[in-house]
Amino acid sequence: LYYKDFDDNGSVDPILTFYIQGKSYPYVTRDELQEQVSMMRTRFTDYKSYADATLQDIFTPAELSGAGRLTANYLQTAYFESSANGRFVERKLPMEVQYSPVYAIASLDYNKDGHKDVLLGGNISQARLRFGKYDANYGMLLQGNGKGGFTYIPQVKSGFKVNGDVRSILQVNNTVLFGLNQQKIKAYKTK
């Protein structure tokens, strides 16, 4: 993310980018960029001129000088365990957890083995058209081994089939409640 008041109008203009084979491309469309930074209307008069533009094609070196830059370098959902020495240790979660964003987490002992299990919910249905929906999480159950490791339990076995954007999970006795964006609460009874 590059940020600066590129058009000197008194407000900071954030320009999100992503990399393809080492080149930085803008995340925003031509129309979105022109709404944000009006001086771009004269630089990119048609869509073809913007189609393959990198960040360096959009802004001159002088315009980029002094711009702030933030970098995201860890995009996984992970578990961080507090160790005996007070430091956090990263524990990788199964690959299936990475299929969609996670917004809600609940710990429970789903299989009654005395070890904490984890139930994850998430998804984004209202994503930008060019990237599509992120909706592969139907209530993801991870079985804990009591030593900080977790194993994915397939939906067929767990029994969860929650469609929608989960934003909260709450266990009340033997019932698991899922709070969904723009939908009614869904409830599951545990056996």
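Details
- Of all the numbered requirements in (1) part of a strand (DSSP E or B); (2) farther than 30 Å from residue 29 by Cβ; (3) under 24 Å from the mean Cα position of the chain (by Cα), residue 187 misses one, and that requirement is (3).
- Residue check, residue 38 surrounded by 11 or more Cβ atoms within 10 Å (Cβ to Cβ) and more than 23 Å from residue 129 (Cβ to Cβ): yes
- Residue count for the range 37-51, restricted to those that are in contact (Cβ under 8 Å) with a residue 24 or more places away in the chain and either assigned to a helix (DSSP H, G or I) or within 15 Å of residue 27 (Cα to Cα) (or both): 1
- Qualifying residue in the range 75-98 (condition: open to solvent by less than 40 Å² (accessible area, probe 1.4 Å), in contact with a Phe, Trp or Tyr (Cβ under 9 Å, 6 or more places away or on another chain), farther than 30 Å from residue 168 by Cα and at pLDDT 90 or above): no
- For the range 136-150, a residue qualifies if it is in contact with a Gly (Cβ under 8 Å, 6 or more places away or on another chain) and closer than 15 Å to residue 99 by Cα, and the qualifying residues are 137, 139, 140.
- Restricting the range 51-74 to residues that are of a type in the set (Asp, Glu) and surrounded by 10 or more Cβ atoms within 10 Å (Cβ to Cβ), the residue that is nearest to the chain's Cα centre (by Cα) is 57.
- In the range 99-130, residue most open to solvent (accessible area, probe 1.4 Å) [restricted to those that are aromatic (Phe, Trp, Tyr) and outside any loop (DSSP other than H, G, I, E, B)]: 99
- Of the residues making up the range 52-98, those that are in a helix (DSSP H, G or I) and closer than 21 Å to residue 139 by Cβ are 95, 96, 97, 98.
- Taken as a whole, the range 131-139 holds no residue that is surrounded by fewer than 14 Cβ atoms within 10 Å (Cβ to Cβ), at pLDDT below 90, small (Gly, Ala, Ser) and over 30 Å from residue 28 (Cα atoms).
- Residue ID - least open to solvent (accessible area, probe 1.4 Å), chosen from residues in the range 142-181 that are in a loop (DSSP other than H, G, I, E, B) and of a type in the set (D, E, K, R): 165
The values are calculated or read from the model by the stated rules, or taken from the named source; none is laboratory data. Just so we're clear, the structure is a prediction, and the values are computed from it rather than from any experiment. Note that we place each Cβ from the backbone using ideal geometry, even for glycine, and neighbour counts take in every protein chain shown. Please note that ligands, DNA and RNA were not included when accessible areas were found on the heavy atoms of the full protein model with its side chains. Shrake-Rupley method; radii C 1.70, N 1.55, O 1.52, S 1.80 Å.
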